[in-house]
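Visitor: Below is the structure I would like to discuss, written out as structure tokens.
The values are calculated or read from the model by the stated rules, or taken from the named source; none is laboratory data. Here the structure is a predicted model, which is why all the values come from computation and not from measurement. Cβ sites come from the backbone with ideal geometry, for glycine too, and all protein chains shown count toward neighbours. For the accessible areas, the whole protein counts, side chains as well, though only heavy atoms, and no ligand, DNA or RNA atoms are used. Shrake-Rupley method; radii C 1.70, N 1.55, O 1.52, S 1.80 Å.
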Amino acid sequence: MGVRRARILGHRPSAVAAVLLGLIFAACVGVSSVIGLAAWLAAAAFDWLWAMLACAVVAISITAAAWVWLHRHIFEIVPSASFAHGFDEGPWLSFRGDPRHSIVVNWFTKEDSASRVECGLRGASPGFVAGLPGRAHHVEIGGLEPGTAYSYRVLDFPKDGAFHGFKTAPASPEPFRFAVVGDTQNGGGSSPERWAYPPLLRAMAASGASLVAHAGDATDQGNDLVSWHEFLDASPRIIASIPLHVAAGNHDTGTHALADRSQKQYPDDGANYDFFFDYPYGTPRDEDEITAMRGRFFSFTYSNCLFVFVDTQTNRLANPRNPQWQWLRRVLGSAPAGVWKVVVMHRDAVSIKTRKDAVGYEMDYDKFAPYILPIFLEHDVDVVFQGHDHKYLHLAYQHGSNAPLPGADDGAWRGKVIHFVTSGAGGNLLRRNDPVLPESCTIPGFTRLENSSHFLVVDVHGDEMSIEARYHDGSSMERLSIKRPGI
Ligand SMILES: [Fe+2]
Ligand SMILES: [Fe+2]
């Protein structure tokens, strides 16, 4: 077993960002200089002292405002959680390397403290793993045996010094279960008794899942540290023993602490998300490269499942220059044959909506669909778990049968099926409503739409997968069985 690191996020810009910053700032100085020159000429020609003074003020103001804005958004992207989060959190688990051989223990302290974890085989004497001291503790434990049960505890952490257990991924494919939940945010600050997430967690904990895939919007506001506390404080009862991976949602972003919680603000840099989580992003993880457009996409293989987490946290990422599309092609294209390709993303890219005339339903493609759907079809993605819409939906999208995506090739992948499962009712008020069933929605592949609190339990057994949506009491909402095409 080996150690390895705790990390502290930095906030210097990348070289490209620094050059851009310099150019933009130089342009501002240039504009200000022109204004200043005009003022000087006006004053020289007409003796308009007031004009010179006014233009000087404008020029200085433009330069100062440009500097403050650029400094705050490029130089000074510091997660407010790194200095303002007033809670101890955790511990919780995640993957960074190979889930068969390593795991990351995460916790958070409101003051700087040591990073030490005691870990070992259950029943054997433990070893110690240490990382750098700090507030954000992400200690990776390596050299583990596949399919093996370990126990661990965080040292020097008065909030939770208990032993927790976890099991590494199996050495070769074997049946396993995972849970999916989305949009666990406590919108509007519902009281804990009415918040759907805690009872769903209890049901999830009893499900025997090996990991939790979260479809994003874990928090209500990424800028609001209390939102992070609510999520992290509620979660350790399950994720202290089961790794958690969250696809970045539009509510999870944000950097600065909100002074007024009633103000909803979702800036896109997402540094608080980076601070609390420590996922292996597809782009080189350089902690000095926190920028608004940095993609938070990553993947790992567990048993015979490739899990691919796609970043859709801001619509600005839905553009052809997004490096995520090349990464997606590479990751999906290099997956071994026989592996399930499971995508987890926040925005419900392929969905249905009520028709404009309010009679029935029609297909609904969001801004990401033109980029992701062709890639998913080309590389035979099996299932997409998505959130954002606070409901449950299952649609077995079949290329050529469903209303086409405008502009997309309609012939090359005719007949291919991708299961889009929206699971976005993991938070807000605990609720149960009547479903929409195929009798009233005749879209091909549609089975159910329901605005009820739920989570998903997914069983992978060789080439068969079952997906069951469950209510908070553990009872079943819908159960689907999928067989891999061509098997
Ligand atoms: Fe949401
Ligand atoms: Fe959302």
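Visitor: Hey, does the range 315-334 have a residue that's over 21 Å from the mean Cα position of the chain (by Cα) and surrounded by fewer than 24 Cβ atoms within 10 Å (Cβ to Cβ)? Full working, then the answer.
Guide: Pass one, the range 315-334, residues over 21 Å from the mean Cα position of the chain (by Cα): 333-334.
Filter once more, keeping what is surrounded by fewer than 24 Cβ atoms within 10 Å (Cβ to Cβ): 333-334.
Within the range 315-334, one or more residues are over 21 Å from the mean Cα position of the chain (by Cα) and surrounded by fewer than 24 Cβ atoms within 10 Å (Cβ to Cβ).
Visitor: Just to check your reading of the model, which residue among Asp224, Asp183 is at pLDDT 90 or above, acidic (Asp, Glu) and surrounded by 23 or more Cβ atoms within 10 Å (Cβ to Cβ)? Reasoning before the result, please.
Guide: Numbers: Asp224 fails: at pLDDT 90 or above.
Answer to the selection: Asp183.
Visitor: Quick one: in the range 304-313, of everything that is open to solvent by less than 10 Å² (accessible area, probe 1.4 Å) and in a loop (DSSP other than H, G, I, E, B), which residue is farthest from Val339 (Cα to Cα)?
Guide: Checking each candidate, the answer is Gln313.
Visitor: In the set Val180, Val226, Val212, which member is within 16 Å of ligand 2 (Cβ to nearest atom) and either touching a His at 6+ places or on another chain (Cβ under 8 Å) or touching a residue at least 24 places away in the same chain (Cβ under 8 Å) (or both)?
Guide: Working: Val226 fails: within 16 Å of ligand 2 (Cβ to nearest atom); Val212 fails: within 16 Å of ligand 2 (Cβ to nearest atom).
That would be Val180, the only listed residue that is within 16 Å of ligand 2 (Cβ to nearest atom) and either touching a His at 6+ places or on another chain (Cβ under 8 Å) or touching a residue at least 24 places away in the same chain (Cβ under 8 Å) (or both).
Visitor: Which condition from (1) over 23 Å from the mean Cα position of the chain (by Cα); (2) part of a loop (DSSP other than H, G, I, E, B) is the one that Ser210 breaks?
Guide: That leaves (1) as the condition not met.
Visitor: Now for a separate question. What number of residues within the range 342-371 satisfy the criterion of being outside any helix (DSSP H, G or I), more than 16 Å from ligand 1 (Cβ to nearest atom) and aliphatic (A, V, I, L, M)?
Guide: Pass one, the range 342-371, residues outside any helix (DSSP H, G or I): 342-368.
Checking the rest, the ones that are also more than 16 Å from ligand 1 (Cβ to nearest atom) come to 342-343, 350, 352-365, 367.
From what's left, aliphatic (A, V, I, L, M): 342-343, 350, 352, 358-359, 363.
Adding up the residues that qualify gives 7.
Visitor: Would you check which residues across the range 334-362 are more than 16 Å from ligand 2 (Cβ to nearest atom) and aliphatic (A, V, I, L, M) and list them?
Guide: Ala335, Ala337, Val339, Val342, Val343, Ile352, Ala358, Val359
Visitor: Just checking, does the range 268-276 include any residue being at pLDDT 70 or above and assigned to a loop (DSSP other than H, G, I, E, B)? Full working, then the answer.
Guide: First pass over the range 268-276, keeping only residues at pLDDT 70 or above: 271-276.
So of that shortlist, the ones also assigned to a loop (DSSP other than H, G, I, E, B) come out as none.
No: the range 268-276 contains no residue that is at pLDDT 70 or above and assigned to a loop (DSSP other than H, G, I, E, B).
Visitor: In the list Ser172, Ser151, Ser191, which residue meets the criterion of being surrounded by fewer than 14 Cβ atoms within 10 Å (Cβ to Cβ), more than 16 Å from ligand 1 (Cβ to nearest atom) and more than 26 Å from Gly216 (Cβ to Cβ)? Step through it out loud before you land on a result.
Guide: Details: Ser151 fails: surrounded by fewer than 14 Cβ atoms within 10 Å (Cβ to Cβ); Ser191 fails: more than 26 Å from Gly216 (Cβ to Cβ).
It is Ser172.
Visitor: Give me a count of the residues in the range 372-394 that are open to solvent by less than 10 Å² (accessible area, probe 1.4 Å) and either within 16 Å of ligand 2 (Cβ to nearest atom) or more than 22 Å from the chain's Cα centre (by Cα) (or both).
Guide: Counting residues in the range 372-394 that are open to solvent by less than 10 Å² (accessible area, probe 1.4 Å) and either within 16 Å of ligand 2 (Cβ to nearest atom) or more than 22 Å from the chain's Cα centre (by Cα) (or both) gives 7.
Visitor: Here are some conditions: (1) touching a residue at least 40 places away in the same chain (Cβ under 8 Å); (2) assigned to a helix (DSSP H, G or I). Gln326 meets all but one. Which one does it not meet?
Guide: Condition not satisfied by Gln326: (1).
Visitor: Let me ask another. Check the range 107-120 and report whether any residue there is free of Cβ contacts under 8 Å to residues at least 40 places away in the same chain, of a type outside the set (Phe, Trp, Tyr) and farther than 19 Å from Leu225 by Cβ. Before the answer, list the steps.
Guide: Of all residues in the range 107-120, those free of Cβ contacts under 8 Å to residues at least 40 places away in the same chain come to 110-112, 117-118.
In the following step, the residues that additionally are of a type outside the set (Phe, Trp, Tyr) were identified as 110-112, 117-118.
Filter once more, so that each one left must be farther than 19 Å from Leu225 by Cβ: 117-118.
The answer is yes; a qualifying residue exists.
Visitor: Same structure, new question: So Tyr392 passes all but one of these: (1) within 16 Å of ligand 1 (Cβ to nearest atom); (2) touching a Leu at 6+ places or on another chain (Cβ under 6 Å). Which condition number does it fail?
Guide: The number of the failed condition is (2).
Visitor: Could you list, in sequence order, all residues of the range 237-254 that are within 21 Å of Val342 (Cα to Cα) and either more than 16 Å from ligand 2 (Cβ to nearest atom) or of a type in the set (Gly, Ala, Ser) (or both)?
Guide: Answer for the range 237-254, where residues must be within 21 Å of Val342 (Cα to Cα) and either more than 16 Å from ligand 2 (Cβ to nearest atom) or of a type in the set (Gly, Ala, Ser) (or both): Ile239, Ile242, Pro243, Leu244, His245, Ala247, Ala248, Gly249.
Visitor: If you scan the range 78-88, which residues turn out to be assigned to a loop (DSSP other than H, G, I, E, B) and either open to solvent by 10 Å² or more (accessible area, probe 1.4 Å) or within 17 Å of Asp233 (Cα to Cα) (or both)? Please lay out each step first, then the result.
Guide: Taking the range 78-88 as the starting set, the residues that turn out to be assigned to a loop (DSSP other than H, G, I, E, B) are 78-80, 85-88.
Val78, His85, Gly86, Phe87, Asp88, listed by residue number.
Visitor: Among the numbered criteria (1) modelled with pLDDT of 75 or more; (2) surrounded by 15 or more Cβ atoms within 10 Å (Cβ to Cβ), which one does Phe75 miss?
Guide: (1)
Yes/no per residue for (1) in the same structural domain as Tyr365 (by TED's automatic domain parsing); (2) touching a helix residue (DSSP H, G or I) at 6+ places or on another chain (Cβ under 7 Å); (3) hydrophobic (A, V, I, L, M, F, W, C):
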site: Asp382; (1), (2), (3): yes, no, no
site: Phe385; (1), (2), (3): yes, no, yes
site: His388; (1), (2), (3): yes, no, no
site: Leu405; (1), (2), (3): yes, yes, yes
site: Gly415; (1), (2), (3): yes, no, no
site: Asn433; (1), (2), (3): yes, no, no
site: Leu437; (1), (2), (3): yes, no, yes
site: Ile443; (1), (2), (3): yes, no, yes
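Visitor: Looking for whichever is touching a residue at least 24 places away in the same chain (Cβ under 8 Å) and more than 25 Å from Ala218 (Cβ to Cβ) here; the options are Ala425, Ala396. Which one fits? Explain how you work it out, then say what you get.
Guide: On the way: Ala425 fails: more than 25 Å from Ala218 (Cβ to Cβ).
Result: Ala396 is the single residue among Ala425, Ala396 that is touching a residue at least 24 places away in the same chain (Cβ under 8 Å) and more than 25 Å from Ala218 (Cβ to Cβ).
Visitor: Being open to solvent by 30 Å² or more (accessible area, probe 1.4 Å) and of a type outside the set (A, V, I, L, M, F, W, C) is the filter here, so list the residues in the range 401-418 that pass it.
Guide: Across the range 401-418, the qualifying residues are Ser401, Pro404, Pro406, Gly407, Asp409, Asp410, Gly411, Arg414, Gly415, Lys416.
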